[in-house]
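*Asks:* Pasting a structure below so you can have a look.
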């Protein structure tokens with residue numbers, strides 16, 4: 001059995017109404033998509049599936065943490081993430097995607113694998129810049145020694161110390 005097979009939902013056998021599914025995803029999940037996955041963390045996925053005759057509405061509630069390094073101080077920490085996404089699945093002649101929130105499944109399809117949707121939702125929720133959350137008092141949550149070093153290097157060389165900047169300031173535009 002393929003690891004991702006546990007994310008298959010045989011919806012043809014589901015009665016109309018709400019159905020709930022829970023998934024725990026971790027490193028094995030991300031490696032199933034990409035052996036060199038940059039994502040490393042633990043996530044709990046609660047999926048609420050509303051089955052109707054001609055469509056399904058899937059509501060994903062993803063929460064957990066990403067093992068990461070702070071992009072400011074480089075200290076490793078667990079970055080908490082919470083994401084809610086909705087996917088509407090309609091039935092039609094052939095399988096296609098209208099947009100990020102609407103998917104069309106062919107009438108002859110009787111199961112849906114939600115693994116790729118979960119993978120995409122988590123990847124898209126990862127911010128470009130990951131930093132420690134602020135402390136309760138509003139101060140940065142980063143390592144104080146690292147912040148001091150950053151400030152030290154930041155003020156070490158200013159524009160006025162660099163002769164290239166002085167030469168550029170002499171250029172006048174009319």
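Bear in mind these aren't lab numbers, they're just calculated from the coordinates by the rules spelled out. Predicted model only: the values in this text are computed from it and were never measured. Please note: Cβ atoms are built from the backbone with ideal geometry, for glycine as well, and neighbour counts cover all protein chains shown.
*Asks:* Of the peptides 129-137, 26-34, 74-82, how do they stack up when ordered by the mean number of other Cβ atoms within 10 Å, highest first? Could the numbers behind the result be given before it?
*Replies:* Values: 129-137: 10.9, 26-34: 14.8, 74-82: 13.2.
For the peptides 129-137, 26-34, 74-82, the packing ranking is 26-34, 74-82, 129-137.
*Asks:* I would also like to ask the following. Using the beta-carbon distance between residue 95 and residue 61 and R0 = 30 Å, what value does 1/(1 + (r/R0)^6) give for FRET efficiency, to the nearest 0.05?
*Replies:* 0.75
*Asks:* Whole number please: convex hull volume per residue of the Cα set in segment 3-87, in Å³? If you can, show how the numbers build up before the last one.
*Replies:* On the way: hull volume 8.6 nm³, N = 85.
Cα-based convex hull of segment 3-87, divided per residue, equals 101 Å³.
*Asks:* Express as a percent, rounded to the nearest 5, the fraction of DSSP beta bridges in the chain (both residues included) that run antiparallel.
*Replies:* 90
*Asks:* How long are the three semi-axes of the equivalent ellipsoid of the chain, in whole Å, if each is the root of 5 times an eigenvalue of the C-alpha gyration tensor, listed from largest down? Working shown, then result.
*Replies:* Values: eigenvalues 443, 90, 42 Å².
They are 47, 21, 14 Å, listed from largest to smallest.
*Asks:* Continuing with the same structure: Given contacts defined as C-alpha pairs under 8 Å and at least six residues apart, what's the relative contact order of the chain, whole-number percent?
*Replies:* 18
*Asks:* Can you tell me, using C-alpha contacts under 8 Å and at least 6 residues apart, the relative contact order of segment 54-116 as a whole percent?
*Replies:* Details: 102 pairs, mean separation 17.5, N = 63.
Relative contact order, segment 54-116: 28 percent.
*Asks:* Counting other beta carbons within 10 Å of each residue's own, what order do 95, 53 fall into, fewest first?
*Replies:* Result, fewest neighbours first: 53, 95.
*Asks:* If you don't mind, another one. Could you compute Rg(Cα) / (2.2 N^0.38 Å) for segment 41-91, with N its residue count?
*Replies:* 1.64
*Asks:* Let me ask another. Could you work out how much longer the chain between residue 88 and residue 164 gets when fully extended? Use 0.36 nm per residue separation minus the Cα distance between them, nm to one decimal.
*Replies:* 21.6 nm
*Asks:* Taking 0.36 nm per intervening residue step and subtracting the Cα-Cα distance, what contour gain separates residue 80 from residue 8 on full extension?
*Replies:* Roughly 23.2 nm would be gained on extension.
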